[in-house]
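Read the figures in this text as sums done on the coordinates, not as results from a lab. Note that this is a predicted model, so its numbers are computed, not measured. Positions of Cβ are generated from backbone atoms using ideal geometry, with glycine treated the same way; all protein chains shown enter the neighbour counts.
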Amino acid sequence: MNEMKYTDGGICAAKGFKAAGTYCGIKKPANDDPSVKHKNDICMYVSDKVCNAAAVYTQNKVKGAPIIVTKSNLEKSGNKAVAVIANSKNANTCNADGVEKAERMCELVSNELGIPKEQVIVASTGVIGQVLPIEPIEKAVPILASKLSYNANEEAAKAIMTTDTVKKEYAVEFEIDGKICTLGGMAKGSGMIHPNMATTLNFITTDCAISEVMLQAALSDIVQITYNCLSIDGDTSTNDMVVLMSNGLAENSEIVEESVEYEIFKKALYEVMANLTKMLAKDGEGATKLIECTVSGANKRDTAITVAKSVVCSTLFKAAIFGEDANWGRILCAVGYADAKFDINKVDVDLKSEFGTVAVCRNGAGVEFSEEKAAEILSSDEIYVLINLNDGSKEATAWGCDLTYDYVRINGDYRT
């Protein structure tokens, strides 16, 4: 196999990973009728073998208790992990007993599975500042353990959804040393997304054998050109976390240094993380359109990233895309205030979708174009902004979504 191949299975696609999800009642629904089937609100996934683990976290000064506990556990275990437990509906953040509750979640999994507490990763997402009820979780952990299955990735993916409208999973197969390796993951996120090292909750597993040092290096690099190039609303969450675990069950020779095999692994990691990033952007709260901005012709990668992110973060441009208005001046405005060095008089801009491409700017100035054709292009639910700085060979892509009336409605009554 010379090419990466998409495969089903999400978090369970790689050998030796099983998962489970269930509803435990962390947040009581408005309709507490026992006959109503409620959405999963807690999940667990477990490896058959101790994994090398890597993670990146939010840089928000306010950090959820699960991040504090997970960082501590990985430091104590030497970056080894076996299990992950994650809940939705409550972020367990800004609570006096938050660390105690997060540690208790790890202890529950440890006792149930017979593994060291330090080899458990814990994550939470949901409302900030509300005390996390531990009793439902105490009841749920034995249920999760009993339901663990190599085919329950969807149950886990559903359990971490908050305002998400769809579950987000992606996995690929690739070859190293003649061995078929698999890398897959799941993500949640719809709002409060503007990354700073990581974004939302993202869990990735692989059976490829790779050292913890190289695993962390790969994750730290790829996160910069995927999750860190995503923005829904400009808010960096307190609970952002990306976790990557490798159990080595593909039985390839362990990757311990930069090499051809390491580059293959990074390419697979990019494929999964980029597709999850795109799913997160398309499912932004209230969104009707995905915005993908690719900046080429930059003198360095960081310049391309900065400019692309500036465009997808522009509130005015996001609103224009919602209105299907080819107001390209808002793009150039966002390019202009990006904190990067380039010649604005060399910049070209095109708008593209499944309905075609239209040039709107050349050499930093507007060009004549058909408003009718532009409107047709912007009627698609996936809009591509192509920017050429004409100053080098580096490029980068950022992802976002339009800004709609529904975004305000969703966030106006988020707690209730």
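For LYS179, a cut-off of 25 angstrom between C-alpha atoms picks up these lysines, skipping any fewer than 8 places away in its own chain: LYS5, LYS15, LYS18, LYS49, LYS80, LYS266, LYS267. The ranking of TRP399, TRP328 by Cβ neighbour count inside 10 Å, starting from the fewest, reads TRP328, TRP399. Footprinting exposure proxy ranking of ARG409, ARG330, ARG301, fewest other C-beta atoms within 10 angstrom first, gives ARG409, ARG301, ARG330. Counting only Cβ charges, +1 for Lys and Arg and -1 for Asp and Glu, the dipole size of the stretch 261-358 around its Cα centre is about 180 debye.
Mind checking which of GLY126, TYR45, LEU244 is farthest towards the positive end of the chain's charge dipole, using Cβ charges of +1 (Lys, Arg) and -1 (Asp, Glu) about the Cα centre? After comparing all options, I get GLY126. Farthest towards the positive end of the charge dipole of the chain, among the residues VAL213, PHE355, CYS24, is the Cα of CYS24, using unit charges on the Cβ of Lys, Arg, Asp and Glu. Leaving out same-chain residues fewer than 8 places away, which lysines sit with a Cα under 16 Å from that of LYS28? Partners within reach: LYS37, LYS39, LYS89, LYS139.
When only the Cβ of Lys, Arg, Asp and Glu is charged (+1, +1, -1, -1), the dipole of the chain relative to its Cα centre reaches about 880 debye. Going from the residue with the fewest nearby Cβ atoms within 10 Å to the one with the most, VAL141, VAL312 rank VAL141, VAL312.
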